[in-house]
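Asker: Handing you a structure now.
The values are calculated or read from the model by the stated rules, or taken from the named source; none is laboratory data. Since this is a predicted model, take the numbers as computed values, not measurements. Please note: Cβ atoms are built from the backbone with ideal geometry, for glycine as well, and neighbour counts cover all protein chains shown. Surface areas here come from the heavy atoms of the whole protein model, side chains and all, with no ligands, DNA or RNA. Shrake-Rupley method; radii C 1.70, N 1.55, O 1.52, S 1.80 Å.
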Amino acid sequence: MYICGYQKTTLLDYPEHVAATIFTGGCNFRCPFCHNSDLLGSDAEVLFTDEEVLKFLTKRKGILEGVAITGGEPTLQPDLRDFILRVRELGYRIKLDTNGSRSDVLKSLCEEGLIDSVAMDIKTCKERYPDVIGIPSANIGSIMESVEFLKQGTVPYEFRTTVVKELHCAEDFVRIGEWISGCPNYFLQNYVDSENVLVSGFTSCSKEELLSFRDIVKPYVGHVELRGVDY
């Protein structure tokens, strides 16, 4: 595993569970608004070995309940399944954050019962996906397969979208709503600028704009909420 960092305790990355977060390196998207740009390339610095992280998790048994695996894109890791097996042997629940581009890996892990929860990013509506993920030639067939698989309810899941003022509009959320219709939980996260963003110049939406997008999607999903926004 290319482990480029880990957060020892989080109450946010795995809702309703006290967890640790593991950050893997490498991603097949180049979303210009990505705030983990230092994790995107194959040259992302590996800071911890599997054994170091597993040793920490062993010590934290009884304190932590789960492990959130994020990135980068974790499903690109060839050793992901083996690593998850070792973490589960310690008694931890596993939450996987994914962009959905490796539907085969996602399906396999879920069908084996190795994943307890999935959070999948919905970058935008299907029609605009290639441009928003920074890969104009991208084929989003696998992403669509991941959406349909999760909607079958094999594992608990949520969809989420980071909303960027320059990249999203009301019509996008009409189309997103139609696409993910029937999902139990959908979250809108406001873009936050930082020095680690891949491309500078983007801005956050106002609370009023976010609430209007929430209301657009509300008829299509079980529950929609703004995450990280007081209202």
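Asker: About its Cα centre, how strong a charge dipole does the chain have in debye, to the nearest 20, once Lys and Arg get +1 and Asp and Glu get -1 at the Cβ?
Answerer: It works out to roughly 420 debye.
Asker: Between Glu112 and Ser194, what length comes free when the chain is fully extended (0.36 nm per residue of separation minus the Cα-Cα distance, one decimal in nm)?
Answerer: That pair, Glu112 and Ser194, stretches by 25.7 nm at full extension.
Asker: Ignoring solvent entirely, what values of log10 I(q)/I(0) come out of the Debye formula for the range 25-105 at 0.13, 0.25 Å⁻¹ when each Cα is a single scatterer?
Answerer: -0.45, -1.28
Asker: Sticking with the crude label model, points 7 Å out along Cα→Cβ, report the distance from Glu225 to Glu52 in nm, one decimal please.
Answerer: That separation, rounded to one decimal, is 3.5 nm.
Asker: Now for a separate question. Round to the nearest 10 and report in Å² the accessible area of His223, as given by a 1.4 Å probe over the protein chains' heavy atoms.
Answerer: So the heavy atoms of His223 present about 80 Å² to solvent.
Asker: Rounded to the nearest Å, what's the spacing between the alpha carbon centres of the range 40-92 and the range 1-18? Just the number, please.
Answerer: Taking the Cα centre of the range 1-18 as reference, the centre of the range 40-92 is 9 Å away.
Asker: To continue, here is another question. Quick one: accessible surface of Met144, probe radius 1.4 Å, all protein chains present, in square angstrom to the nearest 10.
Answerer: 70 Å²
Asker: Return the label of the correct value of Rg and Dmax of the Cα atoms in Å, as calculated from the structure shown, out of (1) 16.8, 54; (2) 17.1, 49; (3) 16.3, 44.
Answerer: This structure yields the entry labelled (2).
Asker: Which value in deg cm²/dmol, rounded to the nearest 500, describes the helix-derived mean residue ellipticity at 222 nm for the chain, given -39,500 (n - 2.57) per DSSP H run of n ≥ 4 and division by the residue count?
Answerer: Per the formula, -8000 deg cm²/dmol.
Asker: Just name one of Val67, Leu47, Asn36: the one whose Cα is farthest towards the positive end of the charge dipole of the range 35-98 (beta-carbon charges, Lys/Arg +1, Asp/Glu -1).
Answerer: Val67
Asker: Need the full-extension length gain, Thr154 to Glu171, defined as separation in residues times 0.36 nm minus the C-alpha distance. One decimal, nm.
Answerer: 3.1 nm
Asker: P(r) of the range 76-120 in 5 Å steps, Cα pairs, percent per bin?
Answerer: Per 5 Å bin, starting at zero, the Cα-Cα P(r) for the range 76-120 comes out as 5, 22, 37, 26, 8, 2 percent.
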